[in-house]
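This report concerns only the one structure given below.
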There are 2 protein chains.
Amino acid sequence: MKLFGGIEAGGTKFVCAIGDETGKILSEVTLPTHTPEETLPAVIKFFQESEYAKKITAFGIGSFGPIDCNVNSLKYGYITSTPKKDWINCDIVGAIKDAFKKPVGFATDVATAALGEYAWGEGQNLDHLVYMTIGTGIGAASVINGELLHGAGHQEIGHMLIPQDKKLDPFEGICPYHHNCFEGLASGVAIKKRWSLESALYLPNHHKAWDIEADYIAAGLMNIILNLSPNKIILGGGVMRQTHLFAKIRERVVKKINGYVQLENMDTFIVPPGLSDRSGVVGAIALAKKTLEK
Amino acid sequence: MKLFGGIEAGGTKFVCAIGDETGKILSEVTLPTHTPEETLPAVIKFFQESEYAKKITAFGIGSFGPIDCNVNSLKYGYITSTPKKDWINCDIVGAIKDAFKKPVGFATDVATAALGEYAWGEGQNLDHLVYMTIGTGIGAASVINGELLHGAGHQEIGHMLIPQDKKLDPFEGICPYHHNCFEGLASGVAIKKRWSLESALYLPNHHKAWDIEADYIAAGLMNIILNLSPNKIILGGGVMRQTHLFAKIRERVVKKINGYVQLENMDTFIVPPGLSDRSGVVGAIALAKKTLEK
């Protein structure tokens, strides 16, 4: 059986794994994200010293960003203008290619998670999938007919404009670009700032914060449904660990769309990740597999 | 050279044309939309009696709707729950297939127009395109990597939720499903109702109605850009005959997105249809050609 190397490159940690064609992980390590000069050699060492090293046929990297994943670009494979200064203009794909001389797939962290869910999570046997993470920020990626949706750039759904009723919620929003866009109103950072919290987790389930939150998420999902018409929407990320939100969101999506388009069974249409918090690393294996197939 | 039959099936008229592989129209007729029993035989007769009849290799139909264009559905090829009662459950694809025994492509009117622009209009040599019509209603379709974007259903971008500043515009919106969704605020019908007009054309260019309109369209376009990242957005339909709107919309899209994603040159990014009001019928030829190629 062919093996694959997967790298979930995050802002605080790198999860590196070796997996097989079924998505099963055979070996895994988590490394702290220091500078590229420290972290990348440690990543390479993990794969090189593995007992499976010689069987790895391709790599997949799901990276924090912004990244350049336009294969026609001179800076393809680079992390670009990230706030993490040490990583600006880091040629992460080049580093892995140089070390192993194997095909390397490259995508955003959220796109990789979407691929993982499509291959071995909640998206199995479906054609069209949206994966959204609602945590510090809001990001999303879509699989349409089995392929990651990618236009001139990647999806930036988190910054969509959605309605805000300032009488119910006078909060000004936290997005430095758009103030009260979707992420500006509904990200974890927005919840904390709106309610002056140390952590969003301290709010009880019946707090009206969650009604407001569910309403914004439902508005965002309505716009996504009307743009992309997915078979399923997977919601991950820190905010969605508040699992009581799912019922509130489903109810509000139905109410907002109001019968205009036919919706699937809501309990299986808007769901948590099938791979729990493993979508990213398993997705990196899926990305590697997809890269080899091409 | 292969020839194709194109049918732009509209609520008031059917435009039928015979075109070649370059999109050139060789013969064309416009027929009024009466009942299916009257109109469809007239459509068939036009093609049958044409001097080009025997050279037609495939047909394309771009239809008013709602339609069923899911090829796995029992009612594939039907106009379904249209307000035009005579056409409910009309098997329009079946009628053309029965008459000519040739492949028949089927899509919404707006999807067909998008294909026309992609093949022979403003979308030539591009990978990703959004075509939007802003008239009585608002509809849109997208071509991504050369294929019409189609998820579980087709795009219904006109009903996206967008922000409304009720101090600037207290209008309640005209959408029977969502009141103040994009179409509810920005369609031609909404403009007429907001300003109690017989026709939107009676408003002078400097009227604030157009600032409000441009602002809503820019909000809708921002959401589309963040969802789909197209290379170009084509705006057609009756409202966009107010060509002074283009400059206002471009300016507001730039201001709203505020540098968050890199935008192309706005003068070539948001444009009127390259095929003018011919996108639909030329698109039906493009759809026929695409259907034959498959």
If B:GLU37 passes every condition in (1) within 22 Å of the chain's Cα centre (by Cα); (2) exposed (fewer than 13 other Cβ atoms within 10 Å of the Cβ); (3) over 30 Å from B:GLN124 (Cβ atoms) but one, which one does it miss? (1)
Which numbered condition trips up B:ALA58, out of (1) assigned to a strand (DSSP E or B); (2) open to solvent by 10 Å² or more (accessible area, probe 1.4 Å); (3) more than 29 Å from B:MET240 (Cβ to Cβ)? (2)
So which residues in the stretch A:209-233 are open to solvent by less than 30 Å² (accessible area, probe 1.4 Å), away from every other protein chain (no Cβ under 14 Å) and over 18 Å from A:HIS159 (Cα atoms)? A:ALA209, A:TRP210
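Being among the acidic types (Asp, Glu), within 14 Å of another protein chain (Cβ to nearest Cβ), closer than 21 Å to B:ILE217 by Cα and open to solvent by 20 Å² or more (accessible area, probe 1.4 Å) narrows it down to one of A:GLU156, A:GLU147, so name that one.
Details: A:GLU147 fails: closer than 21 Å to B:ILE217 by Cα.
After ruling out the rest, the residue left standing is A:GLU156.
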What tally of residues in the stretch B:118-144 results from selecting those that are over 14 Å from the mean Cα position of the chain (by Cα) and within 12 Å of chain A (Cβ to nearest Cβ)? 4
I'd like to check something: does the stretch B:81-103 contain any residue that is touching a helix residue (DSSP H, G or I) at 6+ places or on another chain (Cβ under 8 Å), without any contact (Cβ under 8 Å) to a residue 24 or more places away in the chain and assigned by TED's automatic domain parsing to the domain that holds B:GLY283? no
If I filter the stretch A:162-186 down to residues being within 10 Å of chain B (Cβ to nearest Cβ) and open to solvent by less than 20 Å² (accessible area, probe 1.4 Å), which single residue comes out as nearest to A:GLY236 (Cα to Cα)? A:PHE182
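Go through the residues of the stretch B:255-266 one by one and say whether even a single one is under 15 Å from B:VAL143 (Cβ atoms), open to solvent by 10 Å² or more (accessible area, probe 1.4 Å), of a type in the set (Gly, Ala, Ser) and within 14 Å of another protein chain (Cβ to nearest Cβ).
Just the residues of the stretch B:255-266 that are under 15 Å from B:VAL143 (Cβ atoms), to begin with: none.
Taking every residue of the stretch B:255-266 in turn, none turns out to be under 15 Å from B:VAL143 (Cβ atoms), open to solvent by 10 Å² or more (accessible area, probe 1.4 Å), of a type in the set (Gly, Ala, Ser) and within 14 Å of another protein chain (Cβ to nearest Cβ).
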Tell me which helices (runs of 4 or more DSSP H) are completely within the stretch A:194-272 and hold 1 or more residues being among the hydroxyl-bearing types (Ser, Thr, Tyr), over 18 Å from the mean Cα position of the chain (by Cα) and assigned by TED's automatic domain parsing to the domain that holds A:THR133, or say none if there are none. A:208-228, A:266-269
All positions within the stretch B:234-254 that are open to solvent by 20 Å² or more (accessible area, probe 1.4 Å) and within 14 Å of another protein chain (Cβ to nearest Cβ): B:ARG252, B:VAL254
Criterion: under 20 Å from B:LEU235 (Cβ atoms), open to solvent by less than 60 Å² (accessible area, probe 1.4 Å), in the same structural domain as B:THR35 (by TED's automatic domain parsing) and touching a helix residue (DSSP H, G or I) at 6+ places or on another chain (Cβ under 9 Å) - qualifying residue of B:ALA107, B:ALA119: B:ALA107
With respect to B:ILE138, determine if the residue is more than 21 Å from B:LEU3 (Cα to Cα), in contact with an Asp or Glu (Cβ under 7 Å, 6 or more places away or on another chain) and of a type in the set (Val, Ile, Thr). yes
Answer with yes or no whether A:LYS255 is at pLDDT 95 or above and under 27 Å from B:ILE162 (Cβ atoms). yes
Failed condition for A:PRO204, given (1) more than 10 Å from every other protein chain (Cβ to nearest Cβ); (2) closer than 29 Å to B:ILE138 by Cβ, with all others met? (2)
Cross-chain or 6+ apart pairs with Cβ under 9 Å, the stretch B:18-32 first and farther than 12 Å from B:PHE4 by Cα, then basic (Lys, Arg): B:THR30/B:LYS13; B:LEU31/B:LYS13; B:PRO32/B:LYS13
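The values are calculated or read from the model by the stated rules, or taken from the named source; none is laboratory data. These numbers were taken from a predicted model, which means no experiment stands behind them. Cβ sites come from the backbone with ideal geometry, for glycine too, and all protein chains shown count toward neighbours. For accessibility, only protein heavy atoms count, side chains too; no ligands or nucleic acids. Shrake-Rupley method; radii C 1.70, N 1.55, O 1.52, S 1.80 Å.
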